Amino acid sequence: MTTSTSVTVSPTFLDRVRGYSPPRRYLPVAATVALLIGMFGAGSLRYQGFADPQVVLNLFVDNAFLLVLGVGMTFVILTGGIDLSVGSVVALSTMIAASTLQAGWPAIATIIAVLVSGTLLGTLMGLVIHYFEVQPFIASLAVMFLARGLCYLISVESIPIREAGFTAFAQGSVPLPGGYHVTPSVVVAVVVFAIGAWVLHMTRFGRTVYAVGGSESSAHLMGLRVALVKVGVYTISGLCSALAGLLFAAYTLSGYSLHAVGMELDAIAAVVIGGTLLTGGRGLLLGTMFGVLLLGTIQTFISFDGTLSSWWTKISIGTLLLIFVVIQRLLTRRQN
Amino acid sequence: MTQVTTSIPPPAVGTPVVEMRGISISFPGVKALADVDFRLLPGEVHALMGENGAGKSTLIKALTGVYTIDEGTVTVAGTDHRFTSPADSQAAGISTVYQEVNLCTNLTVAENMLLGREPHRFGRIDVKAMNRRARSVLDRLGLSIDPGSSLGEHSIAIQQLVAIGRALDIDARVLILDEPTSSLDADEVAKLFAVMSDLRDQGVAILFVSHFLDQVFEISDRMTVLRNGKLVGEYLTRDTTQLTLVEAMIGRELETLDRLEHQAPTAAPDEARVPLLQVLGLSRKGSLQAVDLEIYDGEVIGVAGLLGSGRTELARLLFGADTADAGTIDVRGSRRRFRTPRSAIGAKIAFSSENRRAEGVVEDLTIADNMLLTLQAARGWLRPVPQRTRDRLVEEYIKALDIRPPDPAALMRNLSGGNQQKVLLARWLITQPELLILDEPTRGIDIGAKTQIQQLVAKLADEGMSVVFISTELEEVLRLSDRVVVMRDRAKIADRFNDESVTVAGILATIAAGGAELKEEDSDA
C-alpha cells in the first residue's frame with residue numbers, strides 16, 4: 001500500500017527502486033537452478049554416491065549432444081520460431097558420417113560434409129520460413145520428414161563406425177583436477193555453448209534475435225536486419241544439429257536411421273524448462289544449459305534408484321514442463 | 001512564397017531535402033494515395049494534416065520504405081531513392097517515430113534506442129558506452145529513467161519518448177514524428193517541442209503529424225493537407241487560421257459543427273412515461289458501486305468522468321458483458337437479467353466498445369461482413385440474411401454514414417480509424433436497437449468523422465432512439481446530451497439535465513469535489 005502511494009508522488013524514485021531489484025528475466029533461470037539443487041540434495045540424501053562431482057560431470061558427458069542441440073534451439077525459439085527437424089538431422093548426420101567413413105573418407109572430409117549438409121538444410125528451412133512466410137512449425141516438420149527419409153535412402157541398417165580418429169575421440173578422456181574427467185565431446189559442447197552465449201548476449205546479431213522475438217514488425221521498422229537474423233537462426237540450428245549428430249555418432253560409434261527419434265522434443269523441453277519463452281524474446285542460453293542438466297538429472301535419479309521404470313523419466317519431464325510453462329505464463333502475465 | 005519577417009524563423013526557401021512527386025499507392029480495394037506531391041525543406045517543422053484515412057500514414061510509410069510506391073519519385077538531398085525497407089531510408093538520413101510505439105518491450109531502454117548502431121568494442125557491444133549514450137539522449141528529453149531497465153516496465157508515454165530518443169540519436173537530416181504527442185502530457189509535449197525547435201535551428205527537416213490543431217499551430221512552420229489520398233495544398237502556418245485548415249481537411253464548411261452545438265436539448269421527459277430502461281442499484285464488486293439510472297426514449301445520456309471512473313464498467317453491466325452482483329434492470333417496465341450480451345441484444349440494446357481494435361473490428365473481413373455480423377448473430381446461424389437484403393442494408397449504411405471507401409468488399413484492415421468506427425456503428429444500427437451505448441465512439445478519429453458521428457447521434461435521438469454516450473471530451477458530452485451523468489471512483493456522483501447551467505468547468509468541479517471526500521479511498525484502490 002505504501003509503495004502504491006509513492007508511485008503517484010515520485011515516479012523517478014520508483015524507477016530507481018526498480019533498477020535495484022533483481023531483473024525479472026533471471027527469475028525463470030533461478031527457478032530451474034533451485035530445482036536442480038533441490039533434486040541433487042534429495043538424490044544425495046537418498047542414494048549413496050549421488051552427490052559425487054563425477055555424477056555432475058557425467059551429466060555433461062551423457063548430454064553433450066543435447067546441449068549443442070539446445071544452443072541452436074534457443075536461438076530459434078528466441079525469435080519466436082521452432083525447429084522440429086533437429087532430431088532427424090542428428091540421425092542424418094550420423095548416417096552421413098558412418099557411410100562416408102565406411103567408404104574410406106578421411107575423418108576431416110566426413111566432418112566437413114556433415115557440417116555443410118546440416119547447415120544447408122537449416123539455411124533452406126530459414127529461407128522458406130522467412131521469404132515464403134511459412135509457419136516455422138510446418139517448414140521444420142517438412143525438413144524433419146525429409147531428413148529422416150534421407151537416412152533410409154543411405155541405408156536401412158545400422159552402420160558401425162570403426163575409423164581410428166572417431167573411436168579415439170569417443171574413447172578419449174580429458175582429465176580434470178581432483179581425479180575427475182570428461183570426454184572430448186563435453187569440451188566441444190562447452191565451447192559451442194560459450195560461443196553461442198557470446199553471440200547471443202554480446203553481439204548485434206544476438207540482440208537482434210531478441211528484438212525479432214519481442215516484435216518482428218518493430219524490429220523491421222527499427223531498421224534491423226530481420227531477414228538475416230531469421231534465416232541465420234535456422235542456419236545456426238542446422239549447424240548445431242549436424243555437430244550434435246557428429247557427437248552422437250561418436251557417442252554411439254554408429255550411424256542409424258532410428259537414432260535420435262524424438263530428440264527435438266527433448267531439446268525443446270530443455271530450452272523451455274531453462275526459462276525461454278516459446279513466444280520468443282525472453283530467455284537466456286544459461287537457462288538452456290540448466291534445462292539440459294535437469295533432464296539429465298532426472299535420468300540419473302531413475303538409474304540410481306533402479307526400481308523405477310524408465311517411463312518415470314517421461315512422466316517427470318512432462319510434469320516439469322507443464323509446471324514451467326504455467327510459471328512462465330504467470331510471470332509474463334504479471335508483467336503485462 | 002512572400003518573405004515576411006516575424007518572430008517565427010522563416011522557412012528557408014531553398015532546395016528541399018525531401019521531394020516526393022506524383023506518389024501513388026494502392027491496396028486491394030483502396031487507392032491510398034493518388035498523385036501526391038510533397039516537399040520538406042531543411043530547418044522547418046512541416047505538419048502533414050488530414051483526416052483519418054486521408055493518407056498521412058501511408059505517405060510517411062512510402063517515404064520510409066515500409067510501403068513500396070506504385071508510381072512517383074522520391075528524392076532525398078538531390079539523389080533519387082527507391083526505398084524498399086526502413087533500413088534503406090534510415091541510411092539516407094531519415095529517422096522515424098511511428099504512430100504506435102514500435103519498439104521491443106523485452107529489450108532494455110538503451111538497446112531500444114541504439115540497436116542497429118550500438119557502440120562496439122572488440123567485436124562486442126559495449127554495454128557501458130551504449131547506456132552512457134542513451135543516458136545523454138534521455139537527458140535531452142528530460143527523462144530520468146535507467147537506460148539499462150527493460151522497456152516493458154515503463155508507461156506508454158515513456159516508451160513513446162524512448163522512441164523519440166531513438167530517432168534523435170541518429171544525426172538525421174529528416175525526422176518524422178507521426179502522432180508523437182498522443183500519449184504525452186502537457187509537460188512532456190513542451191519538452192518535445194523544445195527539442196524539436198532545437199533540431200529545426202540546427203537545420204533538421206521535421207515532418208510532424210498530430211490531431212491536436214493547437215499543437216500544430218504552435219510548432220509548425222508549414223503544412224501540407226491531404227484529403228482522400230489526394231493533395232489539397234501546401235500552406236504557410238502563419239498565413240493560415242484553424243478554420244481554413246479544418247475546412248481544407250474535411251473539404252466542406254464547418255457550419256454543421258456550430259449548428260449541432262446550438263441544438264436545443266429535447267424536452268424533459270414526462271414523469272408519467274415508463275422509462276425505456278430503469279436501473280436500480282446496479283453494482284459489481286470491484287468495478288462499480290450501486291448506480292441508479294433512468295433512460296427515456298429519444299434521450300441522449302452523456303456519461304462524463306475520467307478514465308477508470310467506472311464509465312466503461314457501467315456500459316458493460318448494462319449490456320451484460322459483465323454480470324452484475326446486485327441491482328435490477330427493467331426494460332419498459334419488465335424485469336430483465338442480462339447475463340450475456342446476447343440477452344441484452346435481445347432486449348434491443350447495442351454496445352459499441354471503446355476498444356475498437358480488440359472488441360469490435362474483424363480486420364480480415366470486408367466492410368459488408370463486419371456490418372452484418374450482429375444482425376446475423378441475432379437471427380441465428382440457420383437463418384441467413386438474404387443476399388438482396390444484405391446488399392441493400394450495406395449500401396444504405398455506407399451511404400448514410402459516408403464510409404470511405406464506399407466499397408462493401410474493401411477489407412476492414414485497410415480502413416482508417418474513423419471509418420472503422422462508422423462501420424461498427426452501422427453494425428449496431430442495422431439491428432435497430434432501442435438503446436445504443438457508445439463508449440468513446442470518437443476517440444482517435446479526426447474532426448470530420450467526429451462531427452459526422454455526433455450528428456448521427458443527434459439524428460438517431462430525434463428519431464426516438466435512446467443513446468448512452470460515453471466520452472472523455474466534456475465539450476462533446478455537453479454538446480450532445482440531454483442529461484449528463486458524472487462518474488467518479490466507480491460510482492455515479494451526479495445526474496442532471498443538460499441546460500445552460502451545466503458547463504465544462506462545472507463538471508470538472510463536480511469531479512474534483514467528489515475527489516476531495518474520496519481521497520482516502522483513492523490510495524487504497
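(1) touching a Pro at 6+ places or on another chain (Cβ under 7 Å); (2) farther than 21 Å from A:PHE65 by Cβ: which one isn't true of A:TYR180, the others all being true?
With (1) touching a Pro at 6+ places or on another chain (Cβ under 7 Å); (2) farther than 21 Å from A:PHE65 by Cβ applied to A:TYR180, the lone miss is (2).
Go through (1) more than 26 Å from A:THR279 (Cβ to Cβ); (2) surrounded by 18 or more Cβ atoms within 10 Å (Cβ to Cβ) and name the single condition B:VAL101 misses.
Single failed check for B:VAL101: (1).
When residues of the range A:83-113 are filtered for being of a type in the set (A, V, I, L, M, F, W, C) and more than 19 Å from the chain's Cα centre (by Cα), how many remain?
13
Of these, A:THR297, A:THR307, A:THR288, which one is under 18 Å from A:GLY43 (Cβ atoms), part of a helix (DSSP H, G or I) and more than 14 Å from chain B (Cβ to nearest Cβ)?
A:THR297
Does B:THR244 fit the bill of being crowded, with 17+ Cβ neighbours inside 10 Å, within 30 Å of B:SER24 (Cβ to Cβ), of a type in the set (S, T, N, Q) and in the same structural domain as B:GLY78 (by TED's automatic domain parsing)?
no
For the range B:56-67, how many residues meet the condition of being among the polar types (S, T, N, Q) and away from chain A (no Cβ under 14 Å)?
1
Could you tell me whether any residue of the range B:81-94 is of a type outside the set (A, V, I, L, M, F, W, C), crowded, with 23+ Cβ neighbours inside 10 Å and either more than 18 Å from A:ALA227 (Cα to Cα) or more than 10 Å from chain A (Cβ to nearest Cβ) (or both)?
no
Given the structure, is B:ARG166 surrounded by fewer than 17 Cβ atoms within 10 Å (Cβ to Cβ), basic (Lys, Arg) and within 12 Å of chain A (Cβ to nearest Cβ)?
no
Inspect all residues belonging to the range B:423-434 and state whether any of them is buried (at least 22 other Cβ atoms within 10 Å of the Cβ), modelled with pLDDT under 85 and outside the structural domain of B:GLY53 (by TED's automatic domain parsing).
no
When B:ASP126 is evaluated against the numbered criteria (1) touching a Pro at 6+ places or on another chain (Cβ under 8 Å); (2) crowded, with 16+ Cβ neighbours inside 10 Å; (3) within 14 Å of chain A (Cβ to nearest Cβ), which criterion, by number, is the only one it fails?
Result: B:ASP126 passes all but (2).
Within the range B:279-317, how many residues turn out to be over 25 Å from the mean Cα position of the chain (by Cα) and either of a type in the set (Val, Ile, Thr) or surrounded by 24 or more Cβ atoms within 10 Å (Cβ to Cβ) (or both)?
Total meeting the criteria: 5.
Does B:LEU138 fit the bill of being closer than 26 Å to B:THR105 by Cβ, outside the structural domain of B:ARG39 (by TED's automatic domain parsing), touching a residue at least 40 places away in the same chain (Cβ under 8 Å) and surrounded by 15 or more Cβ atoms within 10 Å (Cβ to Cβ)?
So B:LEU138 does not fit the description; no.
For the list (1) more than 10 Å from chain B (Cβ to nearest Cβ); (2) over 16 Å from the mean Cα position of the chain (by Cα); (3) crowded, with 19+ Cβ neighbours inside 10 Å, I need the number of the one condition that A:THR208 fails.
The single condition A:THR208 does not satisfy is (1).
Scan the range A:227-258 residue by residue and report those that are of a type in the set (Phe, Trp, Tyr) and within 21 Å of A:MET125 (Cα to Cα).
Scanning the range A:227-258 gives a single hit, A:TYR234.
Could you please give the count of residues in the range A:179-205 that are among the polar types (S, T, N, Q) and within 12 Å of chain B (Cβ to nearest Cβ)?
The total comes to 1.
Please list, ordered by residue number, the strands (runs of 3 or more DSSP E) wholly in the range B:63-122 having 2 or more residues that are without any contact (Cβ under 8 Å) to a residue 24 or more places away in the chain.
Qualifying strands (runs of 3 or more DSSP E): B:79-81.
Among the residues of the range A:205-223, which ones are within 17 Å of A:GLY280 (Cα to Cα) and not hydroxyl-bearing (Ser, Thr, Tyr)?
A:PHE205, A:GLY206, A:ARG207, A:VAL209, A:ALA211, A:VAL212, A:GLY213, A:GLY214, A:GLU216, A:ALA219, A:HIS220
Kindly list the number of the only condition in (1) crowded, with 23+ Cβ neighbours inside 10 Å; (2) in a helix (DSSP H, G or I); (3) at pLDDT below 95 that fails for A:TYR251.
Of everything listed in (1) crowded, with 23+ Cβ neighbours inside 10 Å; (2) in a helix (DSSP H, G or I); (3) at pLDDT below 95, A:TYR251 misses just condition (1).
Specify the residue that is farthest from B:GLU234 (Cα to Cα); the eligible residues are those in the range B:37-62 that are in contact (Cβ under 8 Å) with a residue 60 or more places away in the chain and of a type in the set (Lys, Arg).
B:LYS56
Need pairs with beta-carbon distance below 8 Å; first residue closer than 18 Å to B:LEU231 by Cβ and within the range B:1-30, second modelled with pLDDT under 80 and loosely packed, with under 13 Cβ neighbours inside 10 Å; sequence gap 6+ or separate chains.
Close Cβ pairs satisfying both conditions: B:MET1/B:VAL13.
Only one of these conditions is not met by A:ALA97: (1) surrounded by fewer than 24 Cβ atoms within 10 Å (Cβ to Cβ); (2) at pLDDT 95 or above; (3) part of a helix (DSSP H, G or I). Which number is it?
Failed condition: (1).
Out of the range B:358-384, which residues are farther than 14 Å from B:VAL423 by Cβ, of a type in the set (A, V, I, L, M, F, W, C) and part of a helix (DSSP H, G or I)?
Hits for the range B:358-384 are B:ALA358, B:ALA377, B:ALA378.
Return the total of residues in the range B:38-63 being touching a helix residue (DSSP H, G or I) at 6+ places or on another chain (Cβ under 8 Å) and crowded, with 22+ Cβ neighbours inside 10 Å.
12
The values are calculated or read from the model by the stated rules, or taken from the named source; none is laboratory data. Model, not experiment: these values are computed from the prediction. Every residue, glycine as well, gets a Cβ built from its backbone with ideal geometry; the counts of neighbours run over all protein chains shown.
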